[in-house]
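Worksheet for the structure shown next.
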Amino acid sequence: MTEADGLALIVIWFVHCVKKKIKRRKGTIFFCIFAPKLCKTDKGMKDSVLILSGGMDSVTLLYDEHERIALAISFDYGSNHNGKEIPFAQLHCKRLGIPHVIIPLDFMGQYFKSSLLEGADAIPEGHYDDDNMKSTVVPFRNGIMLSIAVGVAESHSLAYVMMANHGGDHTIYPDCRPEFVEAFDAAAKAGTFVGVRLRSPYTNMTKADIARRGKELGIDYSETWSCYKGTEHHCGKCGTCVERREALAEAGIEDTTVYDD
């Protein structure tokens, strides 16, 4: 689609909206995907794809950057908790009027080794600093998801891919560390015609910092999921539950999460 074609569609849409007495702004979602160069917000363009799990960090980034997010992608890679997270991703995207897609990555459950893919009983309990938490690493998960997101971004002439890694992830997740972010950003730019870039604004923030930002944005964190076990309620004991509790407490947010412990 050329810019001229996109402009013609905008004119047609505007006339239709006037006739129906519908605000023109409701038509922006369509043009964010099919004519992103012409899709303006109050601050600029809808120029980004967000990787959205439905957890605290990515939901915060969704609200923080919603004015420039053209599309949010959730990946179903067969983890214990995908089925608990993704409905929250859908909920928040619907609330904000942001298009959302779910991309299956079934092969990861078949070929990759991680306790995150082996059922609730395989998930260790303790803090992220504990060595046993390394078993929850899904090898190169972020690299794979980011590669797909970059392809989607280039396919729709979008300039950025966003992910919500943070400082607390650095301990055990190699593909959350600053050196990975820098290297992947360079690879995405070099490997695409449009020069897609990686934005990870929370890389050097703690989870408590992110929770504070979410508090400012008015996010209800009971509408997010963290627990790696993926059972009916948060277990309260696995590394991500412990981190969730600590971050909310440090940020001065009442924790209304239902825990099993």
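When Tyr228, Tyr259 are checked against the criterion of being of a type in the set (Phe, Trp, Tyr), surrounded by fewer than 19 Cβ atoms within 10 Å (Cβ to Cβ) and closer than 23 Å to Ala120 by Cα, a single residue qualifies: Tyr259. Within the stretch 74-117, the residues that satisfy the criterion of being of a type in the set (Val, Ile, Thr) and out of contact with any Leu (no Cβ under 8 Å at 6 or more places or on another chain) are Ile86, Ile102, Ile103.
Against the test of being surrounded by fewer than 19 Cβ atoms within 10 Å (Cβ to Cβ) and under 17 Å from the mean Cα position of the chain (by Cα), the options Gly168, Gly195, Gly143 yield a single qualifying residue, Gly143. Any residue at all in the stretch 190-199 that's without any contact (Cβ under 8 Å) to a residue 12 or more places away in the chain, in a helix (DSSP H, G or I) and touching a strand residue (DSSP E or B) at 6+ places or on another chain (Cβ under 9 Å)? Looking for residues that are without any contact (Cβ under 8 Å) to a residue 12 or more places away in the chain, in a helix (DSSP H, G or I) and touching a strand residue (DSSP E or B) at 6+ places or on another chain (Cβ under 9 Å), one finds none in the stretch 190-199, hence no. A search for C-beta distances below 6 Å between a residue of the stretch 212-226 that is closer than 12 Å to Asp57 by Cα and any residue that is at pLDDT 95 or above and among the acidic types (Asp, Glu), counting only pairs 6+ apart in sequence or on different chains, returns Trp225/Glu85.
You will find that of Thr240, Thr256, Thr203, Thr231, the residue that is among the hydroxyl-bearing types (Ser, Thr, Tyr), at negative phi and either free of Cβ contacts under 8 Å to residues at least 12 places away in the same chain or not in a loop (DSSP other than H, G, I, E, B) (or both) is Thr240 and no other. Looking across the stretch 49-95 at every residue that is among the polar types (S, T, N, Q) and over 11 Å from Met163 (Cβ atoms), the one that is surrounded by the most Cβ atoms within 10 Å (Cβ to Cβ) is identified as Thr60.
The values are calculated or read from the model by the stated rules, or taken from the named source; none is laboratory data. Please read all numbers here as calculations on a predicted model, not as lab measurements. Methodologically, a virtual Cβ is constructed for each residue, glycine included, from the backbone with ideal geometry; neighbour enumeration extends over all protein chains shown.
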